[in-house]
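Undergrad: Here you go, one structure.
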Amino acid sequence: EMEDGLDEAFSRLAESRTNP
Amino acid sequence: GGVGMPMGVYTPPKTVWLPAMKAKGLEISGTFSRRAGVIQMEMTLTNKAMSVMADFAIQFNKNSFGLSPAGPLQVLTPLSPNQTVEATLPLSNVGPVMKMEPLTNLQVAIKNNIDIFYFSCQYPISLLFVEDGKMDRQVFLATWKDIPNDNESQFQVKDCHLNSDAASNKLQASNVFTIAKRTVDGQDMLYQSMKLTNGIWVLAELKVQAGNPNYMVSLKCRAPEVSQCVFQSYEAILKN
């Protein structure tokens with residue numbers, strides 16, 4: 001479950017850096 | 001490395017550090033290597049004088065990361081005129097520290113039976129990327145958030161024709177570790193970490209867009225003065 005959370009967090013980071 | 005060769009840590013080509021005309025006939029060219037965590041200075045010494053050279057010894061000035069010889073310079077036999085010898089000097093990173101400008105500058109004194117000579121050379125900061133520089137993913141996310149935006153530097157690596165996986169593999173051979181990869185709007189975003197021998201962590205984001213040979217590298221570090229050198233190492237690693 002924590003791994004899923006981390007995967008999700010990296011996706012959000014990448015999104016925020018592409019479309020700030 | 002060629003086909004089938006394991007990729008190693010990036011080692012720059014040897015350059016002339018001490019021309020013969022500045023050292024009474026002693027010419028030194030060299031480079032730095034890192035293999036399985038062992039840092040070495042690799043030198044070629046040539047005697048371009050008319051007399052034999054012997055009794056070689058080497059010393060470093062204090063430097064930014066405490067590099068110092070881990071043993072004596074081994075030139076076992078006297079160097080005859082026109083003779084060339086290879087010398088490998090293992091280095092430690094627990095010597096005296098003083099911040100240099102540029103950061104990776106190393107001032108060296110070398111003596112033989114004729115005189116003492118001085119020269120400066122620069123090592124790639126990737127020489128100091130340790131083998132356990134893969135940051136825990138959770139720690140990476142927290143650290144990335146925690147380091148202020150003012151400490152972020154962005155650089156462009158131009159004219160790079162690798163895909164993101166090839167770039168990631170090449171960087172990993174030099175102890176730059178990819179922690180996560182995401183693809184957003186056709187851009188691959190690689191999150192990477194590396195750790196220097198003195199414990200400084202550097203966090204990176206590498207943006208690779210299909211069909212675009214220009215990569216964007218964003219570096220975040222609590223000691224932002226290392227970012228320029230780290231970027232230079234990215235360029236050297238990716239383009240060699």
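Read-outs: derived from the displayed coordinates by stated rules, not from any lab. Here the structure is a predicted model, which means the values were calculated and not measured. Backbone-built Cβ (ideal geometry, glycine too); neighbour counts: all protein chains shown.
Undergrad: I'd like the residue in region B:171-194 that is surrounded by 19 or more Cβ atoms within 10 Å (Cβ to Cβ) and touching a residue at least 60 places away in the same chain (Cβ under 8 Å) and, out of all such residues, is nearest to the chain's Cα centre (by Cα).
TA: Among those residues, the one meeting the criterion is B:174.
Undergrad: Collect the residues in region B:195-231 that are in contact with a Lys or Arg (Cβ under 9 Å, 6 or more places away or on another chain) and part of a strand (DSSP E or B), keeping them in residue-number order.
TA: Hits for region B:195-231 are B:195, B:201, B:202, B:203, B:204, B:205, B:207, B:215, B:216, B:217, B:218.
Undergrad: In this structure, does residue B:207 turn out to be crowded, with 19+ Cβ neighbours inside 10 Å and not hydrophobic (A, V, I, L, M, F, W, C)?
TA: Yes.
Undergrad: Another question, then. Go through region B:135-183 and count every residue that is within 14 Å of chain A (Cβ to nearest Cβ) and in a loop (DSSP other than H, G, I, E, B).
TA: 3
Undergrad: With respect to residue B:190, is the statement that it is in a strand (DSSP E or B) and within 11 Å of chain A (Cβ to nearest Cβ) true?
TA: The answer is yes for residue B:190.
Undergrad: Could you check chain A and list, in sequence order, the residues that are polar (S, T, N, Q), surrounded by 10 or more Cβ atoms within 10 Å (Cβ to Cβ) and more than 7 Å from chain B (Cβ to nearest Cβ)?
TA: If the condition is that a residue be polar (S, T, N, Q), surrounded by 10 or more Cβ atoms within 10 Å (Cβ to Cβ) and more than 7 Å from chain B (Cβ to nearest Cβ), then A:16 is the only one that fits.
Undergrad: Please go through region B:177-232 and give me each residue that is of a type in the set (Val, Ile, Thr) and either touching a helix residue (DSSP H, G or I) at 6+ places or on another chain (Cβ under 7 Å) or farther than 22 Å from residue A:11 by Cα (or both), ordered by number.
TA: Passing the criteria: B:178, B:179, B:184, B:197, B:200, B:202, B:208, B:217, B:226, B:230.
Undergrad: Of everything in region B:92-108, what is of a type in the set (S, T, N, Q) and either within 15 Å of residue B:196 (Cβ to Cβ) or in a loop (DSSP other than H, G, I, E, B) (or both)? Give them in sequence order.
TA: If the condition is that a residue be of a type in the set (S, T, N, Q) and either within 15 Å of residue B:196 (Cβ to Cβ) or in a loop (DSSP other than H, G, I, E, B) (or both), then B:92, B:93, B:104 are the ones that fit.
Undergrad: OK, next. Consider residue B:126 carefully, then state whether it is more than 12 Å from chain A (Cβ to nearest Cβ), in a helix (DSSP H, G or I), closer than 30 Å to residue B:41 by Cβ and in contact (Cβ under 8 Å) with a residue 60 or more places away in the chain.
TA: Yes: the conditions hold for residue B:126.
Undergrad: Within region B:211-230, which residues are away from every other protein chain (no Cβ under 14 Å) and among the hydrophobic types (A, V, I, L, M, F, W, C)?
TA: B:221, B:223, B:226, B:229, B:230
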